[in-house]
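The structure under discussion appears below in the form of structure tokens.
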Amino acid sequence: QVQLVESGGGLVQAGGSLRLSCAASGRTFDSYIMSWFRQAPGKELEFVSTINWNYGNTYYADSVKGRFTISRDNAKGTVYLQMNSLKPEDTAVYYCAAGLYGITAHVPGRYLHWGQGTQVTVSS
């Protein structure tokens, strides 16, 4: 049974940094992409970033490009999201998701597995 477990959220001041982790287990993810989404109160789920588990190719939403970095540690089965220069508008619940390689990465409905989410709050 696939499990995605996020951690690392918290409260941080604007301009600060956080690193989120997503521990993936239950299968091998060689043919998967791993992504981060976020959902702010009253808003729809928003794509943040994705990484190809096997090759490490990455892609970012314009809103986080240059501030966030996605990476993975294959040996640990973990995907990370390093978030720098955080802004109040980054406040949201952040979710890790796994989907088969080749899906449209920014579409939440294409993903097979989701974590429970971790809250990130950025104060001004």
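The values are calculated or read from the model by the stated rules, or taken from the named source; none is laboratory data. The structure displayed is predicted, hence computed values, not measured ones. Note that each Cβ is placed from the backbone with ideal geometry, even for glycine, and that neighbours are counted across all protein chains shown. Only protein heavy atoms, including side chains, enter the accessible area calculation; ligands, DNA and RNA are left aside. Shrake-Rupley method; radii C 1.70, N 1.55, O 1.52, S 1.80 Å.
If you plug the beta carbon distance of Ser63 and Gln1 into 1/(1 + (r/R0)^6) with R0 = 30 Å, you get a FRET efficiency near 0.35.
Could you do me a favour and compute the accessible area per residue for the chain, 1.4 Å probe, result in Å²?
Normalised by residue count, the accessible surface of the chain is 51 Å².
Label point of Leu11 set 7 angstrom out along Cα-Cβ; within the range 98-124, amide nitrogens under 19 Å from it belong to 118-124.
For the chain, a Gaussian network of Cα nodes joined below 10 Å ranks Tyr32, Tyr94, Tyr55 by mean-square fluctuation, and the top entry is Tyr55.
How large a share of the accessible area of the chain, in percent, is made up of carbon and sulfur atoms when the probe is 1.4 Å and the other protein chains stay in place? Show your work: numbers first, answer last.
Values: 3020 of 6380 Å².
After summing per-atom areas, the C and S share lands at 47 percent.
Largest first, the extents of the alpha carbon coordinates of the chain on the three principal axes equal 40, 27, 26 Å.
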